[in-house]
1. Just to confirm, what accessible area per residue do you get for the chain at 1.4 Å probe, in whole Å²?
2. What is the sum of charges, Lys and Arg at +1 and Asp and Glu at -1, for the other residues whose Cβ falls under 12 Å from the Cβ of residue 37?
3. So how far, in whole Å, is the C-alpha centre of the stretch 49-75 from the one of the stretch 8-27?
4. Go through 99, 20 and list them by solvent-accessible area, largest first, probe radius 1.4 Å.
5. Could you give the nm distance between label points at residue 14 and residue 63, where each point is 7 Å from its Cα heading toward the beta carbon?
6. Of (1) 11, 27, 23, 24, 13, 2, 0; (2) 16, 49, 31, 4, 0; (3) 13, 36, 22, 14, 10, 5, 1, which is the value of P(r) over Cα pairs in 10 Å bins from 0, in percent derived from the coordinates here?
7. Residue 29 to residue 92: FRET efficiency via 1/(1 + (r/R0)^6), r the Cβ-Cβ distance, R0 25 Å, to the nearest 0.05?
8. What is the percent carbon and sulfur in the accessible area of the chain, measuring with a 1.4 Å probe over the protein chains and ignoring ligands?
Amino acid sequence: MVKSLALNLDLIFHAVSDPTRRAILRNVSVKERTISEIAKPFKMSLAAVSKHLKVLEGAHLIERRREGSFHRISLNAETLKSAEEWIRYYEKFWYQRPTALKNLLEKGKI
């Protein structure tokens, strides 16, 4: 279970490490899109966009649905929950530092 979660997190974070893939995720989070619609804002070939989609699919961040000769891509937001839970653990550290700094300032130690 732990190994599976780690693998999933690795795939998710690898997928979102690329700005193009993050832009694709944001785009399909608004509404389902065809591959041509996804590729339109980028200066790259459909083959290059398809490679990005394969990475996102491998991380289970998107779902592909075939409609005739079109492939429709949509966000699978459920997958992001495991990454959110992992990040949420570290959230406490973001808030501890400002509080500690405030305490030091109030005690006149800085």
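The values are calculated or read from the model by the stated rules, or taken from the named source; none is laboratory data. Bear in mind the structure is a predicted one, so any value in this text is a computation, not a measurement. We place every Cβ from the backbone using ideal geometry, glycine too, and count neighbours over all the protein chains shown. Ligands, DNA and RNA are excluded from the accessible area calculation, which covers all protein heavy atoms including side chains. Shrake-Rupley method; radii C 1.70, N 1.55, O 1.52, S 1.80 Å.
1. Details: 8080 Å² over 110 residues.
Averaged over the residues of the chain, the accessible area is 73 Å².
2. Numbers: positive: 31, 33, 40, 72; negative: 32.
Neighbour charge sum, excluding residue 37 itself: +3.
3. Result: 13 Å between the Cα centres.
4. Numbers: 99 75, 20 25 Å².
Descending accessible area places them as 99, 20.
5. 2.4
6. Matching entry in (1) 11, 27, 23, 24, 13, 2, 0; (2) 16, 49, 31, 4, 0; (3) 13, 36, 22, 14, 10, 5, 1: (3).
7. Working: r = 27 Å, r/R0 = 1.09.
Once rounded, the FRET efficiency stands at 0.35.
8. On the way: 4680 of 8080 Å².
Result for the chain: 58 percent of the exposed heavy-atom area is carbon or sulfur.
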